[in-house]
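Q: For reference, the structure I am asking about is given below.
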């Protein structure tokens, strides 16, 4: 219980340092304003998901930073952004989204969540660190008008069919 309490305190601290409450802006506007999600924004546009994430929600988005996308093998982003790979791009992006609003305090009670693409992500709390599969949450609880963003340091990839 102490570990989860420590995580919650860290999450609130991180959120405060981000300027976390953007409740008058939707998830897309909030992400664009942050300035560290240009690759994610381009991917959302290529996948025709911008309007969805501007919708009523609520959504929980595990948002990889531009640095997270840069960790992918060379050429991966360009390949995914090609029109012929739109279905694969949609599968990856929707794997970063959970229906409903899952705040940092909620992870104390769950160890997995089903994403919008239908696959499950693993959630683990270790001290003040939270992992989503192999990504680490670096900023939590950025509240938007239609949900919440948790910033992650790695692009998480769904299982291939």
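Q: Please note which strands (runs of 3 or more DSSP E) are completely contained in the stretch 43-120 and include at least 1 residues that are on the phi > 0 side of the Ramachandran plot, out of contact with any strand residue (DSSP E or B) (no Cβ under 9 Å at 6 or more places or on another chain) and modelled with pLDDT of 95 or more.
A: Output list is empty.
Q: Tell me which residues, restricted to the stretch 82-107, are in contact with a helix residue (DSSP H, G or I) (Cβ under 9 Å, 6 or more places away or on another chain), without any contact (Cβ under 8 Å) to a residue 40 or more places away in the chain and either surrounded by 15 or more Cβ atoms within 10 Å (Cβ to Cβ) or under 13 Å from residue 158 (Cβ atoms) (or both).
A: Within the stretch 82-107, 85, 88 qualify.
Q: Filter the stretch 109-161 for residues that are free of Cβ contacts under 8 Å to residues at least 12 places away in the same chain and under 25 Å from residue 56 (Cα atoms); which is surrounded by the most Cβ atoms within 10 Å (Cβ to Cβ)?
A: My answer is 120.
Q: Just for the stretch 17-39: of the residues that are under 16 Å from residue 138 (Cα atoms), under 14 Å from the mean Cα position of the chain (by Cα) and part of a helix (DSSP H, G or I), which one is modelled with the highest pLDDT?
A: So, considering only residues that are under 16 Å from residue 138 (Cα atoms), under 14 Å from the mean Cα position of the chain (by Cα) and part of a helix (DSSP H, G or I), the one modelled with the highest pLDDT is 31.
The values are calculated or read from the model by the stated rules, or taken from the named source; none is laboratory data. Small disclaimer: the values here were computed from a predicted structure and weren't measured. Cβ sites come from the backbone with ideal geometry, for glycine too, and all protein chains shown count toward neighbours.
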